[in-house]
Amino acid sequence: MSEPTFLPFTRPSIDERTIAEVGEVLRSGWITTGPKCQALEAALTERWGRPVRLANSGTATLELALRLAGIGPGDEVITTPLSWVATANVVLAVGATPVFVDADAATRNIDLSRIEAAITPRTRALIPVDLAGLPVDRDRLNALAGKHRLRVVEDAAQSFGSQWKGRAIGSFGDLVSFSFHANKNFTSAEGGCLVLNDAEEARAFEKLRLQGVERFPDGSLEVEAWGAKCNMTDVAAAIGLGQLRGIEDANARRHQLARRYFERWDRSLGFELPPEDLENHGNWHMFQPLLPPDLATRRGDFLAAMKARGIGVGVHYPAMHLFALFRRMGHAPGDFPVAEDVGARTLTLPLFPAMSDADVDRVCATSSAVVAELRGRTA
Ligand SMILES: *Cc1c(COP(=O)(O)O)cnc(C)c1O
């Protein structure tokens, strides 16, 4: 019997037709922003029924969303410490201050009941994050934002295809940012998009993403204000158009795989499994059990033992306020105990559409064997 091949925690699904279409773009002589970007913007605008504009990363769309909302020095932006560091880095990028609010132990998303206590006269916006694709409660969130007159920049980087009460994330709300990074449910290798409120905001975003330039029909240009350089390429957009054909099937397959994890995982091991409401979970961007408390300090050993047995396990994410950057701003262990606990014990098991049911079974069986080993018994 041959050794099973290495199973990474994620892998993008790119079909042969998409590869051929990327080849066509490369042969066409027009490889940066062009007709493929236009087509992808149109398709996403149609999908969510609101104006959508592309950029070259989900970090860029978040940062430009904050700029569009006029957020800058002296302003505070409330977000969760349990996210990819991009979520807070963009707040720093515009000169504002990230204000963290602890996570909720059940959802692992921002604890909505603690937001009001963090609001000050300087608070201008909320950045909710749908961790692992599980949507933040949009009813409570938008009610809070309305009551305190705050802008909302949804960091929906992980929730392409997720729904809140039957409505697609992206189809409602204020500004909604998606990432198309290679590891996300929907990818263009690198890229992202922002869903905006109206045509005027969309035009302002177009200027912000490309040097502040406005073009007129007679060929003349004007630059009224600074703009970034973060337009998407047609090479990337061609990948995105290919993904759009397969996204419903891909997300449905993720649901099946998550269901199998719940069926096959040995619950006597003592891991805390992710919220199990399969219908409302969202898009199963990641499947993340938390290590049992007795193994909380053995995560490195668990990762190494799994890797030695051919299985890639990720960590998404340690609580970011404990990074040196944020400690220098005054944060310390104990500030956000829920986020710290989840961040210390979280594991990302393999979950991607091309996986087989047998792959899930192998991850479950191998995890059980590794846990037995770590606890000093033979399986
Ligand atoms: C991936 C991700 C981002 C950043 O997206 P990029 O496209 O990598 O710039 C931001 N926030 C969250 C929650 C993410 O998962």
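Structure values in brief
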| quantity | calculated |
| --- | --- |
| 28, 159 arranged by Cβ crowding within 10 Å, fewest neighbours leading | 28, 159 |
| Segment residue 264-residue 17, extension gain: residue separation times 0.36 nm, minus the distance between their alpha carbons | 85.5 nm |
| Alpha-carbon centroids, the stretch 328-379 and the stretch 8-45: separation in whole Å | 34 |
| MRE, 222 nm, helices only [DSSP H, n ≥ 4, -39500 (n - 2.57), over the chain, to nearest 500] | -11500 deg cm²/dmol |
| Greater than 24 Å apart at Cα, pairs in 184/207; 36/229; 36/184; 36/207 | 184/207 |
| Sparse-neighbourhood loop sites, trypsin sites (Lys or Arg not before Pro) in the stretch 88-151 - DSSP loop, at most 12 other Cβ within 10 angstrom | 122, 149 |
| Tensor-based shape of the chain (alpha-carbon gyration tensor, a/c under 1.5 rounded, otherwise prolate or oblate) | oblate |
| Calculated from backbone phi, Karplus (6.51, -1.76, 1.60) coupling profile of the stretch 222-229 in Hz, x at Gly/Pro | 9, 10, 8, 8, 3, x, 7, 10 |
| The stretch 16-241: Rg to Rh, with Rh as the Kirkwood radius over Cα pairs | 0.98 |
| Per-residue HN-Hα couplings for the stretch 169-185 [Karplus 6.51, -1.76, 1.60; θ = phi - 60°; Hz; x = Gly/Pro] | 4, x, 8, 7, x, 9, 9, 10, 10, 10, 10, 10, 4, 3, 8, 7, 4 |
| For residue 316, distant residues with modelled amide H under 5 Å away | 348 |
| Amide H partners (placed H, <5 Å) of residue 287, local residues excluded | 349 |
| Net dipole in debye of the chain [+1 Lys, Arg Cβ; -1 Asp, Glu Cβ; about Cα centre; nearest 20] | 440 |
| In Hz, Karplus ³J(HN,Hα) per residue of the stretch 36-47 (6.51, -1.76, 1.60; θ = phi - 60°; x = Gly, Pro) | 5, 5, 4, 5, 5, 4, 5, 5, 6, 4, 5, 4 |
| The stretch 208-272: GluC sites (Glu not before Pro) in DSSP coil with no more than 13 other Cβ atoms inside 10 Å | 224 |
| Low-density loop positions, trypsin sites (Lys or Arg not before Pro), the stretch 247-334 - DSSP coil, at most 15 other Cβ in 10 Å | 328 |
| Listed residue (178, 49, 119) projecting farthest to the positive dipole end of the stretch 16-241, Cβ model | 119 |
| C-alpha center-to-center spacing [the stretch 152-212, the stretch 260-299] in angstrom | 28 |
| For residue 99, distant residues with modelled amide H under 5 Å away | 77, 78, 79 |
| Distance between the stretch 220-237 and the stretch 86-121 - C-alpha centres, whole angstrom | 30 |
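Read-outs: derived from the displayed coordinates by stated rules, not from any lab. A quick note: this is a predicted structure, and the numbers were derived from the prediction, not measured. Methodologically, a virtual Cβ is constructed for each residue, glycine included, from the backbone with ideal geometry; neighbour enumeration extends over all protein chains shown.
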